[in-house]
Amino acid sequence: MISGPTKWYVLAESLRQAIHNDLTVKPDRSGVVPAAIAWDECDCGLLAVTYAQIYPSEVFPDLLNNPSGNCDASVEVGELIIQLIRCAPNPGTDPLGNDLAPSVSALDTSAQEILRDAYELITSVRTTLCQFEDDRDISAYLLRPLVPQGPSGGCVGNELRVFVGLLRG
């Protein structure tokens with residue numbers, strides 16, 4: 001069972017390692033980050049894991065709404081955010097200084113990379129959390145829909161959120 005004062009970090013880092021190992025194209029930058037994920041230097045790729053919220057629950061993944069019941073909640077739920085970001089095709093200029101949109105070929109290549117990342121991200125997270133649940137390291141999990149991110153600032157990618165329950169102890 002994952003427990004103790006660093007339990008959410010241990011879970012986030014375990015997921016990050018599993019995802020990184022399962023990726024066909026590994027990003028140069030990869031880590032657990034505090035709070036919001038910054039898309040700095042996405043040209044070399046970025047795999048980041050953080051958390052959105054942590055709260056007590058009696059019925060996973062529902063938030064416990066009875067303040068007096070917080071002492072008795074059997075599960076602590078965390079919402080983890082996982083982002084896998086790559087460099088997006090950017091506009092350019094021709095020799096006369098006219099703006100040019102990215103080529104369809106460049107957009108197609110980027111789409112293939114981002115969709116492969118989406119598949120590998122979902123598969124790795126699901127496989128890892130299934131194993132954690134089978135091993136009773138976690139009490140439950142719920143994958144949320146994968147959401148495309150960007151393009152913004154020359155970056156594009158995917159975000160996957162997952163709710164994970166850890167037994168309170």
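Tabulated data for the structure shown
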quantity: Label-point gap, in nm, between residue 109 and residue 29 - each point 7 angstrom along Cα→Cβ; calculated: 2.2 nm
quantity: Order of 127, 93 under a 10 Å beta carbon neighbour criterion, fewest first; calculated: 93, 127
quantity: Fewest-first ranking of 63, 107, using other Cβ atoms within 10 Å as the exposure measure; calculated: 63, 107
quantity: Unit charges at the beta carbon, dipole of the chain: most positive-side option, 52, 36, 6; calculated: 6
quantity: Projected-area mean, the stretch 103-143, by convex hull of Cα positions, square nanometres; calculated: 2.9 nm²
quantity: Electrostatic dipole magnitude of the stretch 113-169 [Cβ: Lys, Arg +1; Asp, Glu -1; Cα centre; debye, to 20]; calculated: 220 debye
quantity: Calculated SAXS-style log₁₀ I(q)/I(0) at q = 0.08, 0.09, 0.16 Å⁻¹ - the stretch 7-167, Debye, Cα scatterers; calculated: -0.29, -0.36, -0.89
quantity: Ranking of 104, 32, 49 by count of other Cβ atoms within 10 Å, fewest first; calculated: 104, 32, 49
quantity: The chain: angle of helix 104-134 to the longest principal axis, Cα-based, in degrees nearest 10; calculated: 10 degrees
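Laboratory data are not the source of any read-out in this text; all were calculated from the coordinates shown. Predicted model, so just to flag it, every value in this text is computed and none were measured. FYI the Cβ positions are ideal-geometry reconstructions off the backbone, even for glycines, and counts take in every protein chain you see.
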